[in-house]
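The values are calculated or read from the model by the stated rules, or taken from the named source; none is laboratory data. Small disclaimer: the values here were computed from a predicted structure and weren't measured. As a convention, Cβ positions derive from the backbone with ideal geometry for all residues, glycine included, and neighbour counts pool all protein chains shown. With ligands, DNA and RNA removed, areas are computed over all heavy atoms of the protein, side chains included. Shrake-Rupley method; radii C 1.70, N 1.55, O 1.52, S 1.80 Å.
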Amino acid sequence: MEAEIESNSYGSFKLWSELELEEFADKLVFKSVESPDQGFCINRFDGNIDKLDNDIGEGPSGSPKVSTVYGVAGTIRLLAGTYVMVITSRKEVGNYLGFPVFLVTSMKFISCNEASRNLTNQEKRDEDYFMTLLKTIESTPGLYYSYRTDITLNLQRRCKLAKGWESKPIWKQGDPRFVWNRNLLEELIENKLDEFIIPLLQGSFQTGELKLKDSPAIIKIVSRRCTRRLGTRMWRRGANLEGDAANFIETEQLLEFKDRISSFLQVRGSIPLLWEQIVDLSYKPHLQLINHENTSMVAERHFNDLLKCYGGCIVVDLTDKHGDEGMLSTAYEEEMQKHPNVRYVSFDFHQSCGHGNFDNIQLLYDKISEDFEKQGYFLLDSEGKILAEQEGVVRSNCIDCLDRTNVTQVGVHSYLAQKSLNSQLQRIGAISSTESISMFSEDFEVFKTLWVEHGDEISLEYSGTHALKRDLVRYGKQTLSGIIKDGISALSRYYLNNFQDGVRQDAIDLICGHYTVSRIRPSPLQPKAIDTLSYLPIASALVIGGLAVTSITLNQAGRNAQQYLSSVVCAGLTAGLMAVVKANGRQICSRPRLCGLF
């Protein structure tokens, strides 16, 4: 099948896969290792880019520092000049339609501007903060790309594009929703450096082999995170006024068997209403709906976009029906009654499938099976002829739309993917009409492992930790080691949500172009009343000190009444201090500085 796809000219445009980087004092020079006369340079005095010519010569400092990089992911201009992001190491993780796919394993920003700048003291502090954000961006997980083809388009969309699209530069082929570094590519695009422009996809790429009665098949899971409202777990909730849902993701399951290839799509994202969940030192912060005159327009725009991209839509709401989540779910259901062209199904996953009762997902499937089967899947024969099309998509959500707390999202996604996979395998003759993938223990284990690893990777990108309760999806029960790992991850999430994710959110907003650095803009570090001050070290020291003193006085309280009274006073002061800290939790926690919630 791969050879057939390649013969159909998919991915005929090719990027340079290995570059020599020469760092002069006055410029950076990038040359293709395969074709040294192809390249470009960046002037370190003004950040301007020029194509390589025979007059480049050496810089004033003589011999340059030479290294090898595997791609240029883009440039960004800050207050002190321009920085270029390069891929310093990569790992081949499989192929997409016959072309190699790579995972970025390390990258770094290089300063292109070393000329002195007349920055004010405030601008120097701002630049230091922006540099901190660049360091955060360098460790971004789950970035994938190919030198030979675009991987942001799903199979059905790319097969329905006009003939000849595959001969265009790769950056022109893709779906801009899923190009993670689209904002960084602007200057490279303006200078028409098409052979050097690498679109990066953030998400997951998993691949495995099924044996199937000695008739091998390849299964792949490709997830694509949308950049329109990308963010961290707590700081990007709901949707914006344009209808872009927070942390929207498209997941494609591909099946390659002999001379045929099929594709099945699902999507998920935050509930497309205006709502927030601001961290305040609580383990589970309070949810709050935001009253706005354009709330109905938000949901309408979101689903119009889905219908345009995917056809029909089944909305599966997996949130709890109690407390804050119940309030949000009720508002969502009331809003969906205004959209008769979209089917809305509410399913309390925790109540129905809690304690490992995954078989109860069948109750959800029974509700949507007729419409789900009508949506179908996409299927190509060996000659590239379309045999079947997917005519709609399931759009699911819980509260943590990319996470797998209580296995809500991935549990349902993998179940629907399994149902579709069975239909595909039966149609192409890999199994009989009475068989299913679950009857082949080794193959079913491969299938479950792919979905577990996929969920784990997405969770790491979204929450900063590995997924919770991953053993429930894989084994159907929790193990002791799984409980311990979940406890560690839960504590890590609490720390990250409260004390790190504000910076991470700023890094995301900077890289996606939601915030543009400019000397005429107000400083993001200007004091904004109390919430810009970091009270965490002081508050922590006072609370811990109070607890320690209280503990000491309690141990000595039996000796006399005065010590007993002292211990009571210390305990009261400590409790009061803890109450003050909790009451000011929003000011103590790390908050984004660059962009608002919407």
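Send over the Kirkwood Rh of the stretch 215-363, from the inverse of the averaged 1/r over different Cα pairs, rounded to one decimal Å.
Taking every pair of different Cα atoms in the stretch 215-363, averaging 1/r and inverting gives 17.2 Å.
Not counting ligands, DNA or RNA, and with a 1.4 Å probe, what is Glu389's accessible surface area in Å² rounded to the nearest 10?
Approximately 80 Å² for this residue.
Under a plain spin-label model, where a point goes 7 Å from the Cα along Cα-to-Cβ, how far apart in nm are Ala162 and Glu20?
4.0 nm
Considering only protein heavy atoms, what is the solvent-accessible area of Asp359 at a probe of 1.4 Å, reported in Å² to the nearest 10?
Here the residue's solvent-accessible area equals roughly 130 Å².
May I ask you to work out the translational diffusion coefficient for the stretch 309-355 at 4 °C, viscosity 1.567 mPa s, via Stokes-Einstein with Rh from the Kirkwood sum over Cα pairs, reported in whole µm²/s? Don't jump to the answer; show the numbers that get you there.
Working: Rh = 11.5 Å.
Rounded to a whole number, D works out at 112 µm²/s.
Let me cross-check Lys419: its accessible surface, 1.4 Å probe, with only protein heavy atoms counted, in Å² to the nearest 10?
60 Å²
Per residue, how many Å² of accessible area does the stretch 286-383 show with a 1.4 Å probe?
I get 51 Å² per residue for the stretch 286-383.
What's the ranking of 391-400, 421-430 by average number of surrounding C-beta atoms within 10 Å, highest first?
Going from most to least packed, we get 391-400, 421-430.
For the stretch 131-236, what relative contact order do you get, as a whole percent, if you take Cα pairs closer than 8 Å and at least 6 residues apart?
That works out to 27 percent.
On full extension of the chain, what length is gained from Asp371 through Thr434, given 0.36 nm per residue of separation minus the C-alpha to C-alpha distance? Don't skip to the answer; put the middle values down first.
Values: separation 63, 0.36 × 63 = 22.68 nm, distance 2.17 nm.
Value of the extension gain: 20.5 nm.
Rounded to a whole number of µm²/s, how large is the Stokes-Einstein D of the stretch 290-333 at 37 °C and 0.692 mPa s, given Rh as the Kirkwood radius over C-alpha pairs?
The Stokes-Einstein estimate is 274 µm²/s.
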